């Protein structure tokens, strides 16, 4: 069982209500078991973090990153976060907003490749 921080329940609900355009675009392709019948969760608390999307059966985390993830302290924060998630046996896939918005087919194909 993955660690769960009860204090992140409300923030994760808020994030579900306020998804970015890229997150909405990807969610439209993977929600309701559309992707080969796989059940994804969005804005899922794991430990002290909230991941954008999670497929528990394959232990796969999917992150959709805006430009703020490509500069400064956020790079180090993401590295620490990835290391933590990896220590739990999870794999992390990262896509930029641009990738999701301009190449959703390629993003979905990459997700499928990493699920099997």
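Which one of these is modelled with pLDDT of 95 or more, closer than 18 Å to residue 22 by Cα, in contact with a helix residue (DSSP H, G or I) (Cβ under 7 Å, 6 or more places away or on another chain) and surrounded by 12 or more Cβ atoms within 10 Å (Cβ to Cβ): 95, 54?
Values: 54 fails: in contact with a helix residue (DSSP H, G or I) (Cβ under 7 Å, 6 or more places away or on another chain).
The match here is 95.
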Practice task
Answer with yes or no whether residue 43 is in contact with a helix residue (DSSP H, G or I) (Cβ under 6 Å, 6 or more places away or on another chain) and in a loop (DSSP other than H, G, I, E, B).
Solution key: no
Fill in the blank from the handout: Over the range 1-40, the set of residues assigned to a loop (DSSP other than H, G, I, E, B) and more than 16 Å from the chain's Cα centre (by Cα) is 1, 3, 5, 34, 36, 37
Handout entry: Residues being free of Cβ contacts under 8 Å to residues at least 60 places away in the same chain and either over 23 Å from residue 66 (Cβ atoms) or in contact with a helix residue (DSSP H, G or I) (Cβ under 7 Å, 6 or more places away or on another chain) (or both) - total across the range 28-39
Key = 5
Completion exercise
Every listed condition ((1) surrounded by fewer than 11 Cβ atoms within 10 Å (Cβ to Cβ); (2) without any contact (Cβ under 8 Å) to a residue 60 or more places away in the chain; (3) closer than 28 Å to residue 116 by Cα) holds for residue 10 save (3)
Practice task
Would you be able to say whether some residue in the range 83-94 is touching a residue at least 12 places away in the same chain (Cβ under 8 Å) and part of a helix (DSSP H, G or I)?
Solution key: yes
Practice task
Sort out which residues of the range 59-77 are assigned to a helix (DSSP H, G or I) and at pLDDT 90 or above, and write them in order of number.
Solution key: none
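Among the residues in the range 80-91, are any closer than 23 Å to residue 9 by Cα, surrounded by 16 or more Cβ atoms within 10 Å (Cβ to Cβ) and more than 13 Å from the chain's Cα centre (by Cα)? Full working, then the answer.
Residues of the range 80-91 closer than 23 Å to residue 9 by Cα: 80-91.
From the residues that got through so far, the ones that are surrounded by 16 or more Cβ atoms within 10 Å (Cβ to Cβ) too are 81-82, 84-85, 90.
Cutting the leftovers down to more than 13 Å from the chain's Cα centre (by Cα) gives us 84.
Yes: the range 80-91 contains one or more residues that are closer than 23 Å to residue 9 by Cα, surrounded by 16 or more Cβ atoms within 10 Å (Cβ to Cβ) and more than 13 Å from the chain's Cα centre (by Cα).
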Handout entry: Residue ID - nearest to residue 40 (Cα to Cα), chosen from residues in the range 16-27 that are surrounded by 11 or more Cβ atoms within 10 Å (Cβ to Cβ) and out of contact with any helix residue (DSSP H, G or I) (no Cβ under 9 Å at 6 or more places or on another chain)
Key = 27
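I'd like to know if the range 60-76 contains one or more residues that are over 15 Å from the mean Cα position of the chain (by Cα) and surrounded by 13 or more Cβ atoms within 10 Å (Cβ to Cβ). Show your work before the answer.
Restricting attention to the range 60-76, the residues satisfying the condition of being over 15 Å from the mean Cα position of the chain (by Cα) are 67-68, 70-76.
Restricting the remaining residues to those that are surrounded by 13 or more Cβ atoms within 10 Å (Cβ to Cβ) gives 74.
Yes: the range 60-76 contains one or more residues that are over 15 Å from the mean Cα position of the chain (by Cα) and surrounded by 13 or more Cβ atoms within 10 Å (Cβ to Cβ).
The values are calculated or read from the model by the stated rules, or taken from the named source; none is laboratory data. As the structure is a prediction and not an experimental result, all values here were calculated from the model. As a convention, Cβ positions derive from the backbone with ideal geometry for all residues, glycine included, and neighbour counts pool all protein chains shown.
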